[in-house]
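Written out below as structure tokens is the structure these notes cover.
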């Protein structure tokens, strides 16, 4: 086995600390770089990895050799990262996918294609793209200056969309699209309750409801977020810490209840949401922010014919035809201006720990972005 050689930056830092004659240093550098050229031809890149699950502090920014794409893959020079709650759960060891340590992390990135692997068509070096979050984070995590990802989960993006917004598209819009449009068939004048509406997925759901001509009822625990949700296009906002959810929904809907409920919380609130739903209403549970047990409201479900479904975006991304329809739906509306990603705050890459801690504080309204420039 050949021992890994140090990166260029670390090599120069190490040698500079030694008090050696200039000629000796030059010869040493030349010899090391010749040996390195046997193994790689690219420069070092910074990426984020973690070696144990836990708090945000487990995330480490490290230098590794630049990677080349394999068959069916593309390499990207990353511009921006869009953060998601899924990555916090992944870092904690609580996500659907368990990390294989040491693990890469991250689902969403915008950037420029650097290289394409064997068998890749439709993408070329220089293309402006973003990633669709439907791959293993352990293997393909995008946090860093460079990412290598499966080509089928890379989409070209409109040049008019800034990098921070391009990194804030697919998780939120495809998640909301799948439940509300692909499965739920949300239509004009229907009511949709959107819980945890200040999240990026919540903002996307508000925009999708408006585009469909439906009436959005956003919920939040924080009264401080009410005005921002109304500014984002929500037709109604319920502050659940101070208002009765069931009574307010009944009042807004004229006593009928909401035809669709799009829920990121689960836990005990499921019972309230079932009571707030319309006859034969549909409840899509796509998250479990409460981390408490979610008792099934059997009596309410039986009396009203309600359906309560677990849902993830992967139901869309695993089916090529459904994914293609979803991509077209989102891209058409991005280009027309009907959809616009809302960026809450931008952090530099070397503050990735702070970015994760900010997400866990639940202060954000919209997407948290990390710039890799």
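Observations, loosely collected:
- Of all residues making up the stretch 297-324, the number that are out of contact with any strand residue (DSSP E or B) (no Cβ under 6 Å at 6 or more places or on another chain), under 14 Å from residue 273 (Cα atoms) and in contact (Cβ under 8 Å) with a residue 24 or more places away in the chain: 3
- Scanning the stretch 305-353 for residues that are on the phi > 0 side of the Ramachandran plot and assigned by TED's automatic domain parsing to the domain that holds residue 180 yields a single hit, 305.
- Reported count of residues in the stretch 300-326, each being part of a helix (DSSP H, G or I) and either in contact with a helix residue (DSSP H, G or I) (Cβ under 6 Å, 6 or more places away or on another chain) or surrounded by 13 or more Cβ atoms within 10 Å (Cβ to Cβ) (or both), is 11.
- Evaluation of residue 351 against (1) more than 17 Å from the chain's Cα centre (by Cα); (2) not in a helix (DSSP H, G or I) (one fails), failing number: (2)
- Residue within the stretch 211-222 that is within 24 Å of the chain's Cα centre (by Cα), farther than 23 Å from residue 84 by Cα and free of Cβ contacts under 8 Å to residues at least 60 places away in the same chain present: yes
- Remark: residue 169 matches the filter, which requires a residue to be in contact with a strand residue (DSSP E or B) (Cβ under 9 Å, 6 or more places away or on another chain) and under 26 Å from residue 235 (Cα atoms).
- Residue within the stretch 164-180 that is closer than 15 Å to residue 47 by Cβ and at pLDDT 95 or above present: no
One line per residue, one yes/no per condition, for (1) touching a helix residue (DSSP H, G or I) at 6+ places or on another chain (Cβ under 9 Å); (2) more than 30 Å from residue 226 (Cβ to Cβ); (3) crowded, with 20+ Cβ neighbours inside 10 Å:
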{"position": "93", "(1), (2), (3)": "no, yes, no"}
{"position": "111", "(1), (2), (3)": "yes, yes, yes"}
{"position": "127", "(1), (2), (3)": "no, yes, no"}
{"position": "136", "(1), (2), (3)": "no, yes, no"}
{"position": "152", "(1), (2), (3)": "yes, yes, no"}
{"position": "186", "(1), (2), (3)": "yes, no, yes"}
{"position": "202", "(1), (2), (3)": "yes, no, yes"}
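- Test: residue 336 is over 19 Å from residue 179 (Cβ atoms) and touching a strand residue (DSSP E or B) at 6+ places or on another chain (Cβ under 6 Å): no
- The residue that is nearest to the chain's Cα centre (by Cα), counting only those in the stretch 241-255 that are surrounded by fewer than 19 Cβ atoms within 10 Å (Cβ to Cβ) and touching a residue at least 24 places away in the same chain (Cβ under 8 Å), is 246.
- Only residues that are farther than 12 Å from residue 164 by Cα and crowded, with 17+ Cβ neighbours inside 10 Å were counted in the stretch 335-365, giving 10.
- Scanning the stretch 279-295 for residues that are in a strand (DSSP E or B) and out of contact with any strand residue (DSSP E or B) (no Cβ under 7 Å at 6 or more places or on another chain) turns up 279, 280.
- Selection count, the stretch 327-348, where residues are over 16 Å from the mean Cα position of the chain (by Cα), assigned to a helix (DSSP H, G or I) and in contact (Cβ under 8 Å) with a residue 40 or more places away in the chain: 5
- Of all residues in the stretch 250-278, those satisfying the criterion of being part of a strand (DSSP E or B) and touching a helix residue (DSSP H, G or I) at 6+ places or on another chain (Cβ under 7 Å) are 258, 260, 261, 262, 263, 277.
- Unmet requirement for residue 182, which otherwise passes all of (1) crowded, with 23+ Cβ neighbours inside 10 Å; (2) under 22 Å from the mean Cα position of the chain (by Cα); (3) under 30 Å from residue 129 (Cα atoms): (1)
- Meets criteria (part of a loop (DSSP other than H, G, I, E, B) and over 27 Å from residue 68 (Cβ atoms)) for residue 158: yes
- Residue check for residue 68: modelled with pLDDT of 95 or more and either part of a strand (DSSP E or B) or under 17 Å from the mean Cα position of the chain (by Cα) (or both): no
- Qualifying residue in the stretch 172-181 (condition: without any contact (Cβ under 8 Å) to a residue 12 or more places away in the chain and in the same structural domain as residue 306 (by TED's automatic domain parsing)): no
- Of the residues making up the stretch 189-196, none is assigned to a helix (DSSP H, G or I) and either within 30 Å of residue 324 (Cβ to Cβ) or out of contact with any helix residue (DSSP H, G or I) (no Cβ under 6 Å at 6 or more places or on another chain) (or both).
The values are calculated or read from the model by the stated rules, or taken from the named source; none is laboratory data. Here the structure is a predicted model, which means the values were calculated and not measured. Cβ coordinates were reconstructed from backbone atoms using ideal geometry, including for glycine residues, and neighbour counts include every protein chain displayed.
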